[in-house]
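Worksheet for the structure shown next.
Every number here is computed from the coordinates shown, using simple stated rules; none is lab data. Here the structure is a predicted model, which is why all the values come from computation and not from measurement. Ideal geometry is used to build each Cβ from the backbone, glycine not excepted, and the neighbour counts take in all protein chains shown.
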Amino acid sequence: MEYLSETKQCQNCKQDFIIEPDDFAFYEKIKVPAPTFCPECRLQRRLAFRNERSLYKRPCDMCGADIICMFSPVSPNAKRPFTVYCHNCFYSDKWDPMDYGKKYDSNKSFFEQWREIQEAIPHLGLFQQNSVNSPWINYELDDKNCYLNFGGHFNEDSAYSQYLLKSKDCIDNFWLMNSQFGYESTLSENCYKIFFSIFCFDCQDTYFSFDCKGCYNIYGCTGLRHKQNYIFNKPVSKEDFQKFIEEKRLGTYTNFLMLKKQAEDFWKSQPQRANYIDKSVSSSGNIIKDCKNCNACWNAEKTEDSKFILYGLNIKDSHDTTSVWGGEKCYDFIAGSEQLSNVRFSTSIIKSSTNIEYSHYLTNCHNCFGCINLTSKSLCILNTQYTKDEFEVLRKKIIEEMCAKPYTDSKNREYPYGEFFPYEHSPFGYNETVANQYFPLEKKEAEELGFNWNNYESETKHEFSDYQILNDIKDAGDDVLEKVLKCEISGKAFRIIPMELQFYKKFDLPLPRVSPFERHAKRLSFIKDHLKLYNRQCFGCKKPTETVYTELEFPMIYCEQCYLKETY
Ligand SMILES: [Zn+2]
Ligand SMILES: [Zn+2]
Ligand SMILES: [Zn+2]
């Protein structure tokens with residue numbers, strides 16, 4: 001069938017957006033109606049259902065043990081606080097999520113019934129499975145000895161990292177894979193001893209480098225391929241490289257600031273690729289690696305025939321997925337991992353789940369609609385078991401009724417089948433969620449848009465120590481571990497943990513002056529500040545070129561062809 005593109009007005013922001021013929025083909029293929037919210041509002045709405053970093057201490061509602069969890073002692077917009085269980089209680093046989101099931105009632109909207117289960121059922125304090133000695137990680141699987149890692153998988157002895165995968169001994173990174181001894185590095189892979197670098201692959205002993213491959217002993221470099229012993233893109237002897245490291249010690253904070261600025265200024269003075277699209281065919285967006293036919297994708301790797309993906313790895317035939325690893329035919333879905341198929345309008349679906357709609361936190365489930373917190377179940381609707389025939393009849397009926405009489409939220413937006421959950425059904429306040437990191441809003445603005453807001457403030461007040469962070473890491477004693485430090489940006493309290501102090505000492509790095517949250521925000525800004533494409537001119541061939549960088553950031557941007565001529 002031939003489709004024509006269509007302009008629609010977004011229900012939320014009232015801006016026009018275009019639904020392209022390939023979008024219609026996708027919706028037809030997976031049998032969903034076209035969306036009524038624009039791509040950006042869809043992304044913001046999904047992100048408003050994910051709270052990674054706003055963590056609280058409260059007792060487990062079953063065993064009473066003190067736990068760390070992502071649900072504050074008050075739940076915004078809910079009648080009473082959500083019930084939260086620790087990991088052991090949640091996975092014990094002392095309760096059954098099916099006991100919270102409901103028979104669908106045609107007199108009420110589907111979303112109202114879903115919300116009743118969400119408010120009544122116990123929730124898992126933090127999303128983690130199979131983790132060892134890592135009580136402060138969230139949205140992580142299979143981690144050992146990790147601390148404040150979010151959204152990653154299979155890590156060991158690592159801390160403060162976002163989207164860290166299969167890595168060990170890494171501190172403060174963003175989207176780093178298969179690496180060891182990584183620090184303050186972003187969007188890099190297969191690295192060993194990598195510091196303050198972005199877009200580096202198969203590199204070793206790499207400092208302040210940008211877009212380098214297969215290099216070792218490089219410092220302040222950009223666009224290098226298979227080079228050794230380079231400082232600011234100039235070859236030096238191995239001895240001179242070592243001498244440079246020893247003389248310009250990063251362990252002193254003043255040196256660190258100077259070298260960081262020097263490197264960033266150098267990157268600016270060099271040719272840079274307009275967008276990071278590497279080994280990919282027919283793809284648009286930014287930070288795309290080994291992809292095919294991916295449009296409007298940001299941070300996608302090994303992904304095919306997909307659109308509007310943000311943080312995708314091994315995705316096929318999907319639209320609007322965010323933070324999903326390993327899925328096909330998925331749509332409008334946030335947080336998922338491993339062998340997923342046909343998951344839509346859902347959050348946190350993991351481990352070989354298929355045909356899932358309007359569900360939250362399912363593990364190894366199949367054919368579920370409107371379910372919450374189930375493991376290894378099939379053919380369930382609103383946490384109630386059906387036979388295959390019953391399931392199909394009831395699912396069809398609910399969809400028909402969702403379309404005939406859509407749920408309307410407090411801002412008069414309608415949610416027929418084909419739209420994600422209503423804003424107000426997020427279990428979190430907007431200010432607690434990832435949405436606030438990408439689309440920051442003040443309380444008043446968020447509430448005007450119909451998002452929840454969490455007003456809870458912990459009663460714990462920190463006494464700051466008068467500890468002055470010393471310029472040289474060599475002078476820092478173990479006493480710093482006992483101190484409450486004040487973040488230079490937010491003024492909030494933070495601490496140094498033993499794992500990190502050892503790391504700084506081992507690699508001669510200065511103690512951080514800002515809190516882990518602000519360190520993360522700084523790295524995240526490299527992604528979130530580059531979600532728009534500008535029309536500029538290639539510095540080489542002068543052809544019009546789309547880029548995510550402004551003139552100020554990188555004066556010399558090159559189209560892919562010209563960039564490859566420069567670097568290889
Ligand atoms: Zn919109
Ligand atoms: Zn418990
Ligand atoms: Zn060019």
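Anisotropy class assigned to the stretch 6-47 is oblate, per the alpha carbon gyration tensor with a/c at or over the 1.5 cut-off and a/b no larger than b/c.
Peptides 158-168, 484-494 ranked from most to least packed by the mean count of surrounding Cβ atoms within 10 Å: 158-168, 484-494. As I understand it, the dipole of the stretch 46-205 uses +1 on the Cβ of Lys and Arg and -1 on the Cβ of Asp and Glu, about the Cα centre. Which of Ser92, Leu126, Pro81 lies farthest toward its positive end? Farthest along the dipole direction, towards plus: Pro81. For an R0 of 35 angstrom, estimate the FRET efficiency from the Cβ-Cβ distance between Glu246 and Lys542 and round to the nearest 0.05. So the FRET efficiency works out to roughly 0.20.
So if each residue of separation counts as 0.36 nm, and I subtract the Cα-Cα distance between Asn178 and Val393, what length gain in nm does that give?
72.8 nm
For the chain, what value does the Rg/Rh ratio take when both radii are computed over Cα atoms and Rh is the Kirkwood radius, given to two decimals? Ratio value, two decimals: 0.98. For the pair Asp475 and Lys8, label points projected 7 Å from Cα toward Cβ lie 6.2 nm apart.
Its alpha carbons give the stretch 182-268 an Rg and a Dmax of 11.5, 31 Å.
With semi-axes defined as the square roots of five times the eigenvalues of the C-alpha gyration tensor, the equivalent ellipsoid of the stretch 392-482 measures 48, 16, 12 Å, largest first. Computed from backbone phi, the HN-Hα couplings of the stretch 538-543 come to 5, 5, x, 8, 6, 6 Hz, rounded to whole numbers (Karplus: 6.51 cos²θ - 1.76 cosθ + 1.60, θ = phi - 60°; Gly and Pro given as x). Annotation: peptides 512-520, 325-333, ranked by per-residue average of other Cβ atoms within 10 Å with the highest first, follow the order 325-333, 512-520.
The gain in end-to-end length when the Phe464 to Arg513 segment is fully stretched comes to 16.3 nm, 0.36 nm per residue minus the alpha carbon separation. Along its principal axes, the stretch 1-152 has C-alpha extents of 58, 42, 27 angstrom, given from the largest down.
Relative to the Cα centre, the charge distribution of the stretch 1-134, modelled as +1 at Lys and Arg Cβ and -1 at Asp and Glu Cβ, gives a dipole magnitude of about 520 debye.
Considering the stretch 281-408 at the alpha-carbon level, its Rg and Dmax are found to be 15.3, 45 Å. The calculated FRET efficiency for Ala404 paired with Asn145, based on their beta-carbon distance and R0 = 56 Å, is about 0.60.
FRET efficiency for the pair Val281 and Leu524, taken as 1/(1 + (r/R0)^6) with r the Cβ-Cβ distance and R0 = 41 Å, rounds to 0.90. Rounded to the nearest Å, what's the spacing between the alpha carbon centres of the stretch 171-214 and the stretch 1-74? Just the number, please. The stretch 171-214 and the stretch 1-74 have Cα centres spaced 31 Å from each other.
Between the residues Ser359, Asn452, Asn295, the greatest Cα displacement towards the positive end of the dipole of the chain, with unit charges on the Cβ of Lys, Arg, Asp and Glu, is found for Asn295.
Partners of Lys528 within straight-line reach, counting aspartates and glutamates whose Cα lies under 14 Å from its Cα and excluding those fewer than 8 residues away in the same chain: Glu40.
Write down the percent of antiparallel bridges among all DSSP beta bridges whose residues are both part of the chain, to the nearest 5.
Rounded to the nearest five, the antiparallel share is 20 percent.
Dividing the Cα radius of gyration of the stretch 130-253 by its Kirkwood radius returns 1.04 for Rg/Rh.
When peptides 201-211, 284-294 are ranked by their average number of other Cβ atoms within 10 Å per residue, the highest-first order is 201-211, 284-294.
Here the stretch 493-536 is scanned for amide nitrogen atoms under 20 Å from the site 7 Å beyond the Cα of Val132 along Cα-to-Cβ, giving 498-500. The magnitude of the dipole of the stretch 281-408, with charges of +1 and -1 set on the Cβ of Lys/Arg and Asp/Glu and taken from the Cα centre, is near 80 debye. Only the Cβ atoms of Lys and Arg (+1) and of Asp and Glu (-1) were treated as charged; on that basis the dipole of the chain about its Cα centre amounts to roughly 580 debye.
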